[in-house]
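Trainee: What follows is a structure written as structure tokens; I'll ask about it next.
We did not get these values from a lab; they are worked out from the coordinates using the rules stated. Just so it is clear, the model here is predicted, and its values are computed rather than measured. Cβ coordinates were reconstructed from backbone atoms using ideal geometry, including for glycine residues, and neighbour counts include every protein chain displayed.
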Amino acid sequence: MRVLVAGATGVIGERMVPLLTAVGHEVLGLARPGSGTAKLEAAGARVVVADALDRDGVRRAVGKAAPDAVVNMLTAIPAEIDPRHLARDFAVTNRLRTEGTRNLIEAARGARIISQGLAYAYQPGEGMADEDAPLWRTGTPGQFVPVLDALAELERLTTQAGGLVLRLGHLYGPGSIYAPGGSFVRQARAGKVPLVGGGNAVFSFTHADDVATAVAAALDKPDVNGVLNIVDDRPEPLRRWLPELAALLRAPAPKRAPAALARLAVGSWGVAFMNLLRGAANTRARLHLDWRPRYSSVSEGFAAELRDAPAQAA
């Protein structure tokens, strides 16, 4: 199958392109003009040059490539995010999720569409959220509203085209903020990530390799559409996994900070992020894609991924 990967040079793309090539797909990597393409070519992909926000350029480039499937992993998320200015930091990503998705679908001429969504955008509540649970529309922190609106539009465009949205958890693995040299790990090692409030948010994590295997499985099952949570088996509350991470890094234990005081530093979104997020269930993905996560929980994943991290430079 000829598969166009948009976002092929990102954290997920770098894990996905070699896998899709290895299982026999002809992979086309969408790259912006002037961006480095050596890794794509070395991984066996053919480069398709276009800016995803350039509608005419995408139509020409993608139309000429004529893919059978388009995997939309477009983001432009900064390496470090200021939770007080989440909307600003996600402005380009929001455009990619709306305008970029629309451009790809229009240019792909009926190809199967697989897009990246988020599994931590569910309305806060008890228990793990399945795909029928509502997105966060009540009491939503203001900084998260445009991010959520863009995600909703991405899902509408993708499902309207008969495609599949893979709702991902907090992404970890090589190149992510949770990698040995990633921004979150650096901050945790320095003791700069406090437990705000009760640290009650429940986190579903997703390893970058698990996104790649889920996409490969979805390409083999063209009748699976709609939305699926691609997350680990056992979501964990922040109050559990953050101290475990600090101990693994031989870092200071996280300090506790009252929510009211922390709100001055991280804003309402930062407080909500650490206290209100709801974990997600992967039951349907396991059933419909015959897919399994690499690690059952982030505790297992961090232990494997960061075992040697204390010896590395901060």
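Trainee: Please get the size of the charge dipole for the chain, origin at its Cα centre, with Cβ charges of +1 on Lys and Arg and -1 on Asp and Glu, quoted in debye to the nearest 20.
Mentor: 600 debye
Trainee: Would you work out the relative contact order for segment 97-184, in percent, from Cα pairs under 8 angstrom that are 6 or more residues apart?
Mentor: Contact order relative to length: 40 percent.
Trainee: Here's a follow-up. Wrap a convex hull around the Cα atoms of segment 100-229, take a quarter of its surface area, and give that in square nanometres.
Mentor: 9.5 nm²
Trainee: How would M1, M16, M128 line up from fewest to most surrounding beta-carbon atoms within 10 angstrom?
Mentor: M1, M128, M16
Trainee: Once Lys and Arg get +1 and Asp and Glu get -1 on their Cβ, which of V196, G226, G162 lies farthest toward the positive end of the dipole of segment 2-311?
Mentor: V196
Trainee: Divide the volume of the convex hull of the Cα atoms of segment 2-311 by its number of residues and quote the answer in cubic angstrom per residue.
Mentor: Roughly 122 Å³ of hull volume per residue.
Trainee: For a quick check: sort L154, L242, L104, L135 by the number of other beta carbons within 10 angstrom, fewest at the front.
Mentor: With the fewest neighbours first, L154, L242, L104, L135 line up as L135, L242, L154, L104.
Trainee: Among rounded, prolate and oblate, which fits segment 136-188 when a ≥ b ≥ c are the square roots of the eigenvalues of its C-alpha gyration tensor, a/c under 1.5 means rounded, and a/b larger than b/c means prolate?
Mentor: It is oblate, given that a/c is not under 1.5 and a/b is not larger than b/c.
Trainee: Something else: Fewest to most neighbouring Cβ within 10 Å: what's the order for I77, I105?
Mentor: Lowest count first: I77, I105.
Trainee: Measure off 7 Å from each Cα along the Cα-to-Cβ vector at V49 and T21, then give the distance between these two points in nanometres to one decimal.
Mentor: Each label point is offset 7 Å from its Cα along the Cβ direction, giving 1.9 nm.
Trainee: Taking θ = phi - 60°, what integer Hz values does the Karplus form 6.51 cos²θ - 1.76 cosθ + 1.60 yield along segment 235-243, in sequence order, with x for Gly and Pro?
Mentor: x, 10, x, 4, 4, 9, 6, 5, x
Trainee: Cβ under 12 Å from E26's Cβ, E26 left aside: what net charge do those residues give with Lys, Arg +1 and Asp, Glu -1?
Mentor: Computed value for this residue: +1.
Trainee: Take each of the peptides 214-221, 251-258, 51-58, 24-31, average the number of other beta-carbon atoms within 10 Å over its residues, and list them starting from the highest.
Mentor: Final packing ranking: 24-31, 214-221, 51-58, 251-258.
Trainee: Output the antiparallel fraction of DSSP beta bridges having both residues in the chain, as a percent to the nearest 5.
Mentor: 10 percent
Trainee: Got the relative contact order for the chain handy, in percent, Cα pairs under 8 Å and 6 or more residues apart?
Mentor: 19 percent
Trainee: Taking the Cα atoms only, what angle lies between the long axis of helix 55-65 and the longest principal axis of the chain, rounded to 10 degrees?
Mentor: 60 degrees
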